[in-house]
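The values are calculated or read from the model by the stated rules, or taken from the named source; none is laboratory data. Nothing here was measured: the structure is a model prediction, and the numbers come from that model. All Cβ positions, glycine included, derive from the backbone under ideal geometry; neighbour counts span all protein chains shown. All accessible areas refer to the heavy atoms of the entire protein, side chains included, with ligands and DNA or RNA removed. Shrake-Rupley method; radii C 1.70, N 1.55, O 1.52, S 1.80 Å.
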Amino acid sequence: MDELDPRLLQIVIDIGTNRHVFDQTLTIRATGILFCNAILDTCEATIYNLDRATQDYLLNATSPYTPSHEQKFLTVYAGRKSYGMTQIYKGYILVSTVSQPPDIGITFRCLSEPNFSNTTYSTGAPGISPILQAMQQLADRMGAKLTNQANNLPMISNYSHTGTTKTELAYFNTFGNFAVFLKKGDVDVLFVRDIFSYLTGTLREVSEDTGMIGIPEWTELGVKVTFFIDSKTTAGGYIDINSKRYPSFTGRYGIYKLGFNLTSREVPFYYIAEAARQITQGEGYTGAPTT
């Protein structure tokens, strides 16, 4: 695969106004999980064999004991030479550690929005109002754009919430008939979707011919499947599985949890998707969790 279409992998670290870019010419490993509910996305990225000055700078700048209060972001991009790179993950660096010789690597542990739990506030709306109005206020607090793909969102009476941004996001996901989650990007987007449907325009064909690895596994909600990284797959999106060897897995699924395992010089370069089966006539519903 690499000989036909070389892989691209890049880690970008922003510390205040300083940007540092590390690409696939270095030994890089990045793993993480993307969710489409109130759980925060996670990532652990390791860069090996940097020069001593760069190691010292990154360790000092991302230490929890640094006197600087500059924001520290880590962004992971991946793709293939034929179609370029797409953003896989973006989050705050919580802490960094260094491995033992001979191959010295710096590992960054990240969380998508830890500051969502920092501030407590109270909000509400008197009388009867659209719940979408409260969601718009939440998106404004997040600095995100609200995108609604749900139908028939309810009205709510005397809406009130006291807590953090994270707890309000979790509260919206307790209603049961829709899911609300944040997707990080150049522009952060707060998505609202029906619990029975997933994001439009995200369908990815998954088969032995398009990069599926191994055999899918049944789960309590649908399926767990591994396939090569691409530019279309996203948490909250659709996949169509077409398995020639095991046709029982063939069908349409909605991704509610999307793991990634990326390396620049080793074998892994793929998504691990956990997805709920989309019902057809005569089948039972296996909806995804919302909290």
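Would region 177-185 turn up any residue that is surrounded by 13 or more Cβ atoms within 10 Å (Cβ to Cβ) and over 16 Å from the mean Cα position of the chain (by Cα)?
Yes, that holds for at least one residue.
Considering only residues that are in a strand (DSSP E or B) and within 15 Å of Tyr92 (Cα to Cα), which ones fall in region 12-30? If you could, list the steps in order and put the result at the bottom.
So the first thing to find is which residues in region 12-30 are in a strand (DSSP E or B), and the list is 12-15, 18-23, 28-30.
Answer for region 12-30, where residues must be in a strand (DSSP E or B) and within 15 Å of Tyr92 (Cα to Cα): Val12, Ile13, Asp14, Ile15, Asn18, Arg19, His20, Ala30.
Residue by residue through region 48-61, note down the ones that are over 14 Å from Ile104 (Cβ atoms) and either open to solvent by 20 Å² or more (accessible area, probe 1.4 Å) or modelled with pLDDT of 95 or more (or both). Give the derivation first.
Initially, region 48-61 is screened for residues over 14 Å from Ile104 (Cβ atoms), giving 57, 60-61.
Tyr57, Asn60 - these are the residues of region 48-61 that are over 14 Å from Ile104 (Cβ atoms) and either open to solvent by 20 Å² or more (accessible area, probe 1.4 Å) or modelled with pLDDT of 95 or more (or both).
Just for region 146-176: of the residues that are among the β-branched types (Val, Ile, Thr) and surrounded by 16 or more Cβ atoms within 10 Å (Cβ to Cβ), which one is nearest to the chain's Cα centre (by Cα)? Walk me through how you get there before you give the answer.
Going through region 146-176, the residues among the β-branched types (Val, Ile, Thr) turn out to be 147, 156, 162, 164-165, 167, 174.
Imposing the further condition that a residue be surrounded by 16 or more Cβ atoms within 10 Å (Cβ to Cβ) reduces the set to 156, 164-165.
Values: Ile156: 30, Thr164: 21, Thr165: 18 Å.
Among them, the one singled out is Thr165.
Counting only residues that are part of a strand (DSSP E or B), in contact with a Lys or Arg (Cβ under 9 Å, 6 or more places away or on another chain) and open to solvent by 30 Å² or more (accessible area, probe 1.4 Å), how many does region 96-131 have?
2
Condition (residue is touching a Gly at 6+ places or on another chain (Cβ under 8 Å), without any contact (Cβ under 8 Å) to a residue 24 or more places away in the chain and not in a strand (DSSP E or B)) applied to region 132-154: is it met by at least one residue? Outline the logic, then answer.
Residues of region 132-154 touching a Gly at 6+ places or on another chain (Cβ under 8 Å): none.
Checking region 132-154: not a single residue is touching a Gly at 6+ places or on another chain (Cβ under 8 Å), without any contact (Cβ under 8 Å) to a residue 24 or more places away in the chain and not in a strand (DSSP E or B).
May I ask you to say which residue of Leu40, Leu8, Leu59 is over 24 Å from the mean Cα position of the chain (by Cα) and either in contact (Cβ under 8 Å) with a residue 40 or more places away in the chain or part of a loop (DSSP other than H, G, I, E, B) (or both)? Spell out the reasoning first.
Working: Leu40 fails: over 24 Å from the mean Cα position of the chain (by Cα); Leu8 fails: over 24 Å from the mean Cα position of the chain (by Cα).
Testing whether each residue is over 24 Å from the mean Cα position of the chain (by Cα) and either in contact (Cβ under 8 Å) with a residue 40 or more places away in the chain or part of a loop (DSSP other than H, G, I, E, B) (or both) leaves just Leu59.
Ala45 is checked against (1) loosely packed, with under 13 Cβ neighbours inside 10 Å; (2) assigned to a strand (DSSP E or B); (3) small (Gly, Ala, Ser) and fails just one. What number does that condition carry?
(1)
Output the strands (runs of 3 or more DSSP E) that fall wholly within region 188-291 and possess 3 or more residues being modelled with pLDDT of 90 or more and surrounded by fewer than 17 Cβ atoms within 10 Å (Cβ to Cβ), or say none. Walk me through it before giving the result.
On the way: elements: 189-194, 204-207, 212-218, 222-228, 238-242, 251-263, 269-277.
Of the strands (runs of 3 or more DSSP E) lying wholly inside region 188-291, those with at least 3 residues that are modelled with pLDDT of 90 or more and surrounded by fewer than 17 Cβ atoms within 10 Å (Cβ to Cβ) span 212-218.
State the number of residues belonging to region 28-47 that are more than 23 Å from Leu199 (Cβ to Cβ) and modelled with pLDDT under 95.
Matching residues across region 28-47 total 0.
Could you say which residue among Phe196, Phe175, Phe181, Phe191 is out of contact with any strand residue (DSSP E or B) (no Cβ under 8 Å at 6 or more places or on another chain) and under 21 Å from Ala144 (Cβ atoms)?
Working: Phe196 fails: under 21 Å from Ala144 (Cβ atoms); Phe181 fails: out of contact with any strand residue (DSSP E or B) (no Cβ under 8 Å at 6 or more places or on another chain); Phe191 fails: out of contact with any strand residue (DSSP E or B) (no Cβ under 8 Å at 6 or more places or on another chain).
Sole residue among the options that is out of contact with any strand residue (DSSP E or B) (no Cβ under 8 Å at 6 or more places or on another chain) and under 21 Å from Ala144 (Cβ atoms): Phe175.
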